[in-house]
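Trainee: After the structure tokens below, expect a handful of questions from me.
The values are calculated or read from the model by the stated rules, or taken from the named source; none is laboratory data. Quick caveat, the model's predicted, so the values are computed rather than measured. FYI the Cβ positions are ideal-geometry reconstructions off the backbone, even for glycines, and counts take in every protein chain you see.
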Amino acid sequence: MRFQIPQFIDVEDKIFGPFTLKQFIYMAGGASVAVIGVVFLGVFLGLLVASPIIVLAGALAFYKVNNRPFINILESAFRYMTKDKLYIWNKKEPEESDQAGTSSEKYSTLIVPNLSESKLKSMNWELDVKKKEGEALEKAGR
């Protein structure tokens, strides 16, 4: 038994003459806004007000960016505008122009703090005290 496999499934069907259903709906919406604008506002003012909507309808129907429909671009732009953004600032150290600057010279100027034994003990004691205080607060909260 043989089955027929559909071909060209990524191509939309032309329903209204040379237009697909989506293209026809976009163009009909743009034309209806133009007609309503002309009826209520007069020819000049109506077309002036409706012209951005007519251009948008034409772009939605026919314009593609990187073989993607224009509606996808508008959706991505809307999501970008409404989504929270995270700005991270990385401070860059100024480079000296007169120094040749090999990587070994760059790391030779690195300053490592010198911790004495007494400083380490005091830091350890402070951490232990804060840890025990936090545990006591947790037990009291339960």
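Trainee: Taking the conditions exactly as written (surrounded by 12 or more Cβ atoms within 10 Å (Cβ to Cβ) and farther than 19 Å from GLU12 by Cβ), does ILE73 satisfy them or not?
Mentor: Values: surrounded by 12 or more Cβ atoms within 10 Å (Cβ to Cβ): yes; farther than 19 Å from GLU12 by Cβ: no.
So ILE73 does not fit the description; no.
Trainee: Out of everything in the stretch 76-108 that is of a type in the set (A, V, I, L, M) and at pLDDT below 90, what residue ends up being surrounded by the most Cβ atoms within 10 Å (Cβ to Cβ)?
Mentor: If we filter the stretch 76-108 for residues that are of a type in the set (A, V, I, L, M), which is where we start, we get 77, 81, 86, 88, 100.
So of that shortlist, the ones also at pLDDT below 90 come out as 86, 88, 100.
Values: LEU86: 4, ILE88: 4, ALA100: 6.
Among residues in the stretch 76-108 that are of a type in the set (A, V, I, L, M) and at pLDDT below 90, the one surrounded by the most Cβ atoms within 10 Å (Cβ to Cβ) is ALA100.
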